[in-house]
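A short worksheet on the structure shown next.
The values are calculated or read from the model by the stated rules, or taken from the named source; none is laboratory data. These figures come from a predicted structure and were not determined experimentally. In this analysis, Cβ positions are derived from the backbone assuming ideal geometry, glycine residues included, and neighbour counts consider all displayed protein chains.
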């Protein structure tokens with residue numbers, strides 16, 4: 001039986017996209033003068049199958065997971081922060097919670113693999129597949145069953161979002177050590193050395209960076225035989241990364257555009273695009289992170305990010321920050337006057 | 001008597017700025033991880049004199065003016081478009097009108113110097129100083145009295161915005177040919193050659209670019225003796241550019257932060273900063289325009305733009321697009337939980 005994540009997503013509706021692009025050219029502004037916002041709306045039109053797309057119902061899902069590799073001192077924060085932040089997401093004090101309120105977005109908090117959380121936690125879905133991954137410098141991060149289960153957690157969240165009428169999906173993540181896992185995935189998928197994707201994450205010092213480099217080197221050596229995207233995800237990924245990847249695949253399959261956050265989310269998006277090439281036509285990229293490894297991941301996906309603000313917070317926060325831009329672009333596309341309608345001359349001199 | 005635009009603005013409140021920066025560091029996120037948004041909010045706090053600044057009441061003023069140099073074929077559009085767009089601003093169909101509605105912002109449309117408008121026009125303030133400027137390849141663009149009057153039009157708009165309780169000012173412009181005037185101002189103020197600030201504006205072809213280059217060369221040669229910022233503005237500027245410059249000076253004098261739009265607005269901001277150095281502490285820069293000459297103007301002002309989306313529309317549209325980012329940043333600063341309050345560990349490993 002073929003895995004669910006291999007089923008090809010539908011293509012966005014090219015005719016509607018072309019009509020949306022033509023609409024831009026008739027509005028009272030110089031052609032192309034709204035820059036990359038025009039392209040984003042045109043893509044949304046094709047994805048949503050609507051001449052004038054809208055972003056009314058944003059669904060944000062935050063996936064939390066812990067990482068065995070964290071024991072090697074690759075993060076500036078202790079592992080318990082993953083669980084503490086679950087409560088902070090649900091309690092409304094985390095950045096993404098503030099932003100979700102501002103956007104009127106639905107926010108789902110999902111424990112896919114924390115070590116320390118004790119459920120039930122109010123406002124947190126307990127979908128824990130395991131209490132963290134194995135240290136991937138020593139063993140595969142996950143069993144095949146765990147990776148499959150985590151992919152399905154993401155897909156189930158997308159199904160719920162779709163059923164609730166979402167017109168844009170944002171996935172976020174929380175997991176102490178997960179820039180190391182994201183970098184490992186990126187290195188393996190792009191056949192790049194650790195240096196290409198190494199970065200300070202939430203604020204690692206030089207000694208921490210050296211430990212992170214060593215961990216990446218060990219992990220890539222140990223799992224060099226992993227070739228398929230699924231095996232790479234299983235050996236070098238994380239539970240929240242797998243859930244994100246599953247969510248991106250499921251969103252594409254459900255015709256739901258996804259707005260990808262920063263470094264870690266983009267690593268998961270690259271996994272999703274390698275699991276299923278049709279995913280890429282359903283992705284938007286919100287921002288270019290301060291994490292230096294983000295650029296090669298975006299390049300590999302052909303992604304042009306909307307924002308570049310030196311963000312490095314995660315949680316889907318950069319994606320949430322880009323939503324008002326997309327909403328404004330949709331409003332411009334839907335509401336601006338046409339040259340004909342406004343009696344404005346288009347005659348070149 | 002010293003001109004009103006020479007009166008030094010107050011300084012932003014450094015103590016409040018420092019307290020706002022300290023507040024960022026206590027919130028549940030890695031220090032500095034909201035990147036440039038943190039800096040923007042810290043500056044707003046100092047400007048507004050409030051620990052947690054807000055952007056509730058945005059006031060947008062669009063200044064329209066025509067340019068004698070337009071007769072030299074330096075724009076892709078005929079001059080009548082300036083007046084046609086006045087009606088489109090007031091009628092709600094222009095980009096800035098759509099964005100102002102989205103933001104709940106006040107929008108004032110001001111004719112400072114169109115050639116063709118016939119007043120009264122519903123929704124347009126008739127503050128016309130002259131029916132366009134003189135062709136500055138042949139003569140100074142404005143008389144001293146005209147330049148002074150246009151500066152004062154901008155200041156009066158800011159006074160009205162302040163009286164109405166505005167907490168952020170956005171100036172926009174409309175004027176066929178005004179990228180040529182903005183480039184001329186930039187070249188004169190930065191002692192740069194035409195090539196450094198030449199660009200296609202709303203979409204000039206190669207022949208048009210050659211005409212624009214020639215016009216800039218002629219104008220800079222003719223007015224090379226202009227040394228003071230006021231004389232440079234008078235000889236090489238435009239009525240809407242002068243109004244914008246006056247608005248930026250007046251905003252700083254009234255402790256009102258201003259969010260600067262793209263190439264033309266930044267040229268006016270550079271005029272304002274040269275007229276009165278204290279202005280610069282009250283400016284924020286919304287975006288980096290697709291117009292190649294924008295970069296040297298931003299650099300001269302030490303400005304770090306929030307957005308970079310290949311916009312080249314003007315009308316204040318890029319500034320309006322950046323407002324939701326600043327609002328989101330203010331909400332994060334005001335509403336996020338502290339490490340202490342949320343019981344989240346800050347202990348480094």
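Couple of notes before you dig in:
- The single condition from (1) part of a helix (DSSP H, G or I); (2) within 30 Å of residue A:241 (Cα to Cα); (3) within 8 Å of another protein chain (Cβ to nearest Cβ) that residue A:313 fails is (1).
- Test for residue B:275: is it surrounded by 19 or more Cβ atoms within 10 Å (Cβ to Cβ) and away from chain A (no Cβ under 14 Å): yes
- Residue in the range B:80-101 that is nearest to residue B:70 (Cα to Cα), counting only those that are more than 7 Å from chain A (Cβ to nearest Cβ) and touching a strand residue (DSSP E or B) at 6+ places or on another chain (Cβ under 6 Å): B:82
- Within the range A:53-61, at least one residue is over 19 Å from the mean Cα position of the chain (by Cα), over 30 Å from residue A:211 (Cα atoms), surrounded by 19 or more Cβ atoms within 10 Å (Cβ to Cβ) and away from chain B (no Cβ under 14 Å).
- Residue within the range B:329-337 that is within 30 Å of residue A:80 (Cα to Cα), at pLDDT 95 or above and not in a helix (DSSP H, G or I) present: yes
- Pick from the range B:289-298, criterion assigned to a loop (DSSP other than H, G, I, E, B) and over 16 Å from residue B:171 (Cβ atoms), ranking: nearest to the other protein chains (Cβ to nearest Cβ): B:290
- Checked against (1) surrounded by fewer than 23 Cβ atoms within 10 Å (Cβ to Cβ); (2) under 30 Å from residue A:176 (Cα atoms), residue B:12 passes all but a single condition, namely (2).
- Of residues in the range A:194-211 being part of a helix (DSSP H, G or I) and away from chain B (no Cβ under 12 Å), the one farthest from residue A:235 (Cα to Cα): A:206
- Number of the exception - residue B:117 against (1) more than 10 Å from chain A (Cβ to nearest Cβ); (2) in contact with a strand residue (DSSP E or B) (Cβ under 9 Å, 6 or more places away or on another chain); (3) more than 20 Å from residue B:182 (Cβ to Cβ); (4) not in a loop (DSSP other than H, G, I, E, B): (4)
- Exactly one residue among B:331, B:342, B:320 is within 13 Å of chain A (Cβ to nearest Cβ), touching a helix residue (DSSP H, G or I) at 6+ places or on another chain (Cβ under 7 Å), closer than 25 Å to residue A:285 by Cα and surrounded by fewer than 22 Cβ atoms within 10 Å (Cβ to Cβ), and that residue is B:331.
- Boolean, residue A:301 is surrounded by 22 or more Cβ atoms within 10 Å (Cβ to Cβ) and either under 28 Å from residue A:96 (Cα atoms) or away from chain B (no Cβ under 11 Å) (or both): no
- Hits in the range A:6-32 - residues which are within 12 Å of chain B (Cβ to nearest Cβ), farther than 23 Å from residue A:303 by Cβ and without any contact (Cβ under 8 Å) to a residue 24 or more places away in the chain: A:25, A:30, A:31
- Matching residues in the range B:248-270 - criterion: being surrounded by fewer than 24 Cβ atoms within 10 Å (Cβ to Cβ) and more than 15 Å from residue B:284 (Cβ to Cβ): B:253, B:254
- When each of B:216, B:189, B:241 is tested for being modelled with pLDDT of 95 or more, more than 28 Å from residue B:4 (Cβ to Cβ) and assigned to a helix (DSSP H, G or I), the lone residue that passes is B:216.
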